[in-house]
Amino acid sequence: QQAEWEKLKDAETFSKDGKQVELAANIGTPKDLEGVINNGAEGIGLYRTEFLYMDSAEMPTEEDQFNAYKAVIEGMNGKPVVVRTMDIGGDKELPYLPLPHEMNPFLGYRAIRISLNEPAMFRTQLRALLRASVYGPLRIMFPMIATLNDFRGAKAILEEEKAKLIAEGVEVSDSIQVGIMIEIPAAAVLAHQFAKEVDFFSIGTNDLIQYTMAADRMNEQVSYLYQPYNPSILTLIKHVIDSAHKEGKWAGMCGEMAGDQTAVPLLLGLGLDEFSMSASSVLKTRSLISKLNISDMQKLAEKAINECATVEEVEALVEEAVASI
Ligand code: PEP
Ligand code: MG
């Protein structure tokens, strides 16, 4: 099987009946690039920049960050790179940025909420990203967006820093895409409004599932409720993808679900454009997609959403569909 997958290393990703999708990889540091390239990913769909902050004893400077972002963008050789602005808080702490102790850290002061409240820190990150944008196709993504005002606030700061850099004579790409993670149910439900203003969505199912099911993703006692194939989750995902497409935007996914071999047939059927996963899952996913017909997967996804009431019913449906390929 490994040998069969290896043959797909330099290939693009097509379904059996010719629909193209993008298979990208998730990374935490520039050191992960080697694995990305060795596994034939077509881009970076999620660069979790918080590791740059967590691996440092003090706040990383603009230069530190610029060097890391440039290394990743250049290292991908013209392939697209989605960089997520830092997602500190929740379970991730920083020694040099004291955060208040919270009863519910995953519902608290985290990610874009910190960035919007600590503008100096956020502006430094954005300047580093904007400067690195001339080295390849950069897509900037904001995490934990709950409202349109969150997005507009973050985008306005980005635009300000861009204008400042240009006024300083610094070169900045004029084709940077700016998108958001869809990982809060409110944003998923309102995706049709967000889609008018963003360039893309990336669905963060790790958090979207935890928040939709009200089941802590770290708590084993409630892990039975952590259900990627629950029809409620599939319905939210469908709305997000459909909303993006209505506005001519693309929708990706960077949560674990994107590389889950039971979920992939459903996501393909729902029209997902980009799947971002751990590099080690790319080749087996490319192989799986090459055996699936988009028209069959559309019917499968429709049936899962319209006729299934439980996650077991969805699993049985997918198993049946995949067994016949
Ligand atoms: C997610 O929530 O699905 C996601 C990709 O972000 P993280 O796992 O870093 O919270
Ligand atoms: Mg998340």
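Computed values, structure above
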{"item": "Qualifying residue in segment 176-184 (condition: hydrophobic (A, V, I, L, M, F, W, C) and touching a Ser or Thr at 6+ places or on another chain (Cβ under 6 Å))", "result": "yes"}
{"item": "1 or more residues within 16 Å of ligand 1 (Cβ to nearest atom) and among the acidic types (Asp, Glu): qualifying helices (runs of 4 or more DSSP H) within segment 29-85", "result": "50-54"}
{"item": "Test for Glu159: is it more than 16 Å from ligand 1 (Cβ to nearest atom), in a loop (DSSP other than H, G, I, E, B) and either out of contact with any strand residue (DSSP E or B) (no Cβ under 7 Å at 6 or more places or on another chain) or of a type in the set (A, V, I, L, M) (or both)", "result": "no"}
{"item": "Criterion violated by Tyr109 - all others in (1) in a helix (DSSP H, G or I); (2) within 16 Å of ligand 1 (Cβ to nearest atom); (3) among the hydroxyl-bearing types (Ser, Thr, Tyr) satisfied", "result": "(1)"}
{"item": "Index of the failed condition, Gly89 passing every other in (1) farther than 22 Å from Phe275 by Cα; (2) at pLDDT below 95; (3) surrounded by fewer than 19 Cβ atoms within 10 Å (Cβ to Cβ); (4) not β-branched (Val, Ile, Thr)", "result": "(3)"}
{"item": "Pairs with Cβ under 7 Å, 6+ apart, first in segment 10-28 and free of Cβ contacts under 8 Å to residues at least 12 places away in the same chain and over 12 Å from Thr285 (Cα atoms), second surrounded by 14 or more Cβ atoms within 10 Å (Cβ to Cβ) and among the polar types (S, T, N, Q)", "result": "Gln20/Thr13"}
{"item": "Matching option when the condition is in contact with a strand residue (DSSP E or B) (Cβ under 9 Å, 6 or more places away or on another chain), more than 14 Å from ligand 2 (Cβ to nearest atom), closer than 26 Å to Ala316 by Cβ and acidic (Asp, Glu), among Asp242, Asp199", "result": "Asp242"}
{"item": "Among residues of segment 131-148, those that are more than 15 Å from Leu116 (Cα to Cα) and assigned to a strand (DSSP E or B), counted", "result": "3"}
{"item": "Checking Thr212 against (1) in a helix (DSSP H, G or I); (2) in contact (Cβ under 8 Å) with a residue 40 or more places away in the chain, the condition it does not meet", "result": "(2)"}
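The values are calculated or read from the model by the stated rules, or taken from the named source; none is laboratory data. What you are looking at is a predicted structure, and each value in this text was computed from that prediction instead of being measured. Positions of Cβ are generated from backbone atoms using ideal geometry, with glycine treated the same way; all protein chains shown enter the neighbour counts.
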